[in-house]
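In what follows, a structure is listed as structure tokens, so that the remarks can point back to it.
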Amino acid sequence: YGVYDIDFTQEGRRRVYLFSYLLGYSRRAYLRFVEGQDFTTTIREHVRAFTYLEGVAATCLYDNQKVVVLRHDADEPIYNPRFLAFATHYRFKPWACKPRRPQTKGKSERRFHFVEVSLLNGRTFHSLDHLNEVTRGWLANVADVRVHAETKQTPLERYGVEKSQLIALPAQPYDTALV
């Protein structure tokens, strides 16, 4: 998640959170601005990301948010059992970053900088819904089709190769209903 305070023309200034799910090989991403970082929102956005990307990475890297990692014990993460149930449903392995070790975060941090300079910079948004509508267009028309500086290919080109390696979605999505 990234945290942003945005001045919406219809809703005023609000704090919003950017959920990001990034595929490591292709650099293709699912992004959505949300109102919170709670368990239900996090799971719901994962389900949306998996659907958008038509599959799930075998291992997913996390930055120790409480929704995923309850605490560390002797440098080993103690995962939230509710999150493990979710991960089991989609057959992926969660992997927690080492605490206070930013170099273990991989490619995810750079994604927020790219969003700030390319999507948010100089734009105004009427509402959270409008921001997410613009974000969907930006993903399709900018982020997915730009030539990546490191890979020298577009995320969509590399996604064509990576897609076959993703775990297929289960027949039924995880129930994200708020209990």
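Please give the strands (runs of 3 or more DSSP E) falling wholly within the range 66-170 in which 1 or more residues are among the acidic types (Asp, Glu) and either open to solvent by 60 Å² or more (accessible area, probe 1.4 Å) or modelled with pLDDT under 95 (or both).
Because the criterion is at least 1 residues that are among the acidic types (Asp, Glu) and either open to solvent by 60 Å² or more (accessible area, probe 1.4 Å) or modelled with pLDDT under 95 (or both), the strands (runs of 3 or more DSSP E) in the range 66-170 that meet it are 69-73, 76-79.
Kindly check whether there is at least one residue in the range 22-43 that is assigned to a helix (DSSP H, G or I) and among the aromatic types (Phe, Trp, Tyr).
Yes, that holds for at least one residue.
I'm trying to understand the selection: among the residues of the range 45-67, which are in contact with a strand residue (DSSP E or B) (Cβ under 7 Å, 6 or more places away or on another chain) and more than 19 Å from PRO173 (Cβ to Cβ)?
THR59, LEU61, TYR62, ASN64
Filter the range 159-174 down to the residues that are under 19 Å from the mean Cα position of the chain (by Cα) and closer than 28 Å to ARG82 by Cβ and list them by number.
Within the range 159-174, GLN165, LEU166, ILE167, ALA168, LEU169, PRO173, TYR174 meet the criteria.
Here is a list: ALA171, ALA143, ALA177. Which entry is small (Gly, Ala, Ser), within 26 Å of TYR90 (Cβ to Cβ) and in contact with a Phe, Trp or Tyr (Cβ under 8 Å, 6 or more places away or on another chain)?
Selected residue: ALA143, the only one of ALA171, ALA143, ALA177 that is small (Gly, Ala, Ser), within 26 Å of TYR90 (Cβ to Cβ) and in contact with a Phe, Trp or Tyr (Cβ under 8 Å, 6 or more places away or on another chain).
The values are calculated or read from the model by the stated rules, or taken from the named source; none is laboratory data. It should be emphasised that the depicted structure is a prediction, and the values quoted were computed from it without experimental measurement. Glycine also receives a Cβ, built like all others from the backbone with ideal geometry; neighbour counts cover every protein chain displayed. To get the accessible areas, we keep the full protein, side chains included, count just its heavy atoms, and leave off ligands, DNA and RNA. Shrake-Rupley method; radii C 1.70, N 1.55, O 1.52, S 1.80 Å.
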